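The values are calculated or read from the model by the stated rules, or taken from the named source; none is laboratory data. All of these numbers come straight from a predicted model, not from anything done at the bench. Neighbour counts run over all protein chains shown; Cβ positions are idealised from the backbone, glycine included. Heads up: the accessible areas ignore ligands, DNA and RNA and are worked out on the full protein's heavy atoms, side chains in. Shrake-Rupley method; radii C 1.70, N 1.55, O 1.52, S 1.80 Å.
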Amino acid sequence: MNQNSVIVFICKHGAAKSIIATAYFNKIASQANLNVRAIARGTHPDSELSAKTITGLQTDGLTPIETTPQKLSLADVESAQQIITFCELPEEYQNKVVIKRWDDVPPVSENYEKARDAILEKLKQMMK
């Protein structure tokens, strides 16, 4: 992973999985003194963050950087060192940068803890 890097986590609504991944990635990167930051985006963002996500992160002692879901832009894709997506990307964004798919993370709406734990496991592998 390069220094001064931006990682973009993308989920369909930009309100749950990408927010959790961003919050934990930034915490881990900060603790490791890495000059890497993550942002969360949605392909079809909701108007607000998922209540389960906000409550779960607060319980875990974290605060999301984004206060409302943000729509993925071409600038986000072009500035990213890496994109990790929990959903299918619109065609115009494909083949722009290295993309990893994390399709096997369960829905936050069904179980925050299971989704969080799956994301944390993937983040551990990613940060090795």
Over the range 49-128, with every protein chain in place, what whole percent of the accessible area is carbon and sulfur at 1.4 Å, could you tell me?
-> 48
Heavy atoms of Arg37 accessible to a 1.4 Å probe, total area in Å² rounded to 10 | 130
Within the chain, helix-based [θ] at 222 nm, where runs of 4 or more DSSP H residues each add -39,500 (n - 2.57), nearest 500 = -10500 deg cm²/dmol
Any chance you could check the Cα centroid distance between the range 74-128 and the range 45-73 for me, in angstrom?
-> 15
Relative packing of peptides 39-45, 109-115 - highest average C-beta neighbours within 10 Å first = 39-45, 109-115
DSSP H segments from the chain that extend 20 Å or more along their own axis, Cα-based, with Kyte-Doolittle mean of -1.0 or above | 17-31, 112-126
